[in-house]
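Undergrad: Please read through the structure below; I'll follow up with questions.
The values are calculated or read from the model by the stated rules, or taken from the named source; none is laboratory data. Every value quoted in this text rests on a predicted model; they were computed, and no experiment measured them. Note that each Cβ is placed from the backbone with ideal geometry, even for glycine, and that neighbours are counted across all protein chains shown. Quick note on the areas: whole protein, heavy atoms, side chains included, nothing else; ligands and nucleic acids left out. Shrake-Rupley method; radii C 1.70, N 1.55, O 1.52, S 1.80 Å.
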Amino acid sequence: MCGIAGILEYKPGPSGWEAPLERMRHALRHRGPDDEGIFISKGAETRCGFAHTRLSILDLSPAGHQPMSTPDGRFWINFNGEIYNFRELRQKLVAAGVRFHSQTDTEVILRLYEREGPRCVDQLVGMFAFAIWDSQEETCFFARDPLAIKPLYYFHDGNKLVFASELRALMESGFVPRRICPESLLRFFATGSVPEPLSMIEGVRLLPGGYSLLWRRGEAKLELYWMTTFNPRVENAADAAALTRTALLDSLRRHFVSDVPVGLFLSGGLDSTALLALAQQLEGNMVKTFSISFDDPHFNEGDTARRTAEHFGTEHFDWRLDSLTGASMFEEFLSKLDQPTIDGFNTFCVSKHAQNCGVKAVMSGLGGDELFGGYSSFRNVPRLYHW
């Protein structure tokens, strides 16, 4: 995951932005240890500043450096995410006469926006959050993926807009008031998470999934570009299962598009087990799997994960996490936590485990249990529907 941050201001004051952008970039360094960069526009009436930290997944060379610009310097992009159909889009652009200088999906978004403007998002398949500055029109275009996988926080106050991948970077800008949002705090205590587009900081919002935002001369305009639609063309369970299997295989195939090895978080649940079974059809036993196990048999899924990995013949890495080790890591977890969540420590531990094993791109079945009835409360839903 890369880190993006930036500041936009209409009729800016005389003070420089180098220090705030440097602080924001430093706050996001843990998201992208492979490279970093800063861009500040030269316009007099409107100023734009981008900060970026890079985690190299596609095109590991310096050609993937961000912020990235078009050859003429008009458009600049600050991007976090992965575009799974970037190769197909690149081929179309090359056929139209576009010349590329890297093998990145970042440049594909940039050159697609150069030709088609905001409607470029209609062609993107993947997870993304990005900002594109147009130095000629002095506008900035933001977009977030339809399912809101990649984060994009922003604070808009008068002529100034500040954005970032994490709240900590926004706070480091010095332009965001340090006030807790009472509604968000109440929602957290009620549900264990902060519902979007709210954030724990008053005045800071998340760009909703499937929305874009156009900033021009201090004004920000939101626009919906994607929404969920349901087509009742499936008439029986067999057709539904076949359609779901095809969709999952297609999704996995796209997620394996990477210039670095891709691993898989494996628990004893239905979600990650199903992903591994499908992934083996695509990648064989090349997938590395990672799990956390505990001494308490009531909470331990590590033994089930190990048997699953043995069944599919993967290279499996299990970390036996005891209470003392967990307690020693908790302070580090809090220092890395963005929005508070009661389930974050699990993801933090298994992510750290994968990183320690040298793997930086990992798939997760997070959310799959809820969709496919992995918990008892969700198994009742299909029964009620059947009745």
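Undergrad: Given the criterion over 24 Å from L249 (Cβ atoms), in a helix (DSSP H, G or I) and of a type in the set (F, W, Y), identify the matching residue among F348, F317, F299.
TA: F348
Undergrad: Let me ask something else about it. Restricting to segment 224-241, name every residue that is at pLDDT 90 or above and surrounded by 12 or more Cβ atoms within 10 Å (Cβ to Cβ).
TA: Y225, W226 - these are the residues of segment 224-241 that are at pLDDT 90 or above and surrounded by 12 or more Cβ atoms within 10 Å (Cβ to Cβ).
Undergrad: Follow-up. Out of segment 32-53, which residues are at pLDDT 90 or above and basic (K, R)?
TA: Hit for segment 32-53 is R47, nothing else.
Undergrad: Just name the residue that is farthest from D318 (Cα to Cα) out of those in segment 257-278 that are open to solvent by less than 30 Å² (accessible area, probe 1.4 Å) and in a strand (DSSP E or B).
TA: This residue is V262.
Undergrad: Restricting the first residue to segment 231-257 and requiring it to be touching a residue at least 60 places away in the same chain (Cβ under 8 Å), which pairs with a second residue that is surrounded by 12 or more Cβ atoms within 10 Å (Cβ to Cβ) and of a type in the set (S, T, Y) meet a Cβ separation below 8 Å and a spacing of at least six or different chains?
TA: Pairs found: R254/Y84; H255/Y84; V257/Y84.
Undergrad: Identify all residues within segment 279-318 that are modelled with pLDDT of 90 or more, hydrophobic (A, V, I, L, M, F, W, C) and open to solvent by 40 Å² or more (accessible area, probe 1.4 Å); write none if there are none.
TA: Hit for segment 279-318 is F317, nothing else.
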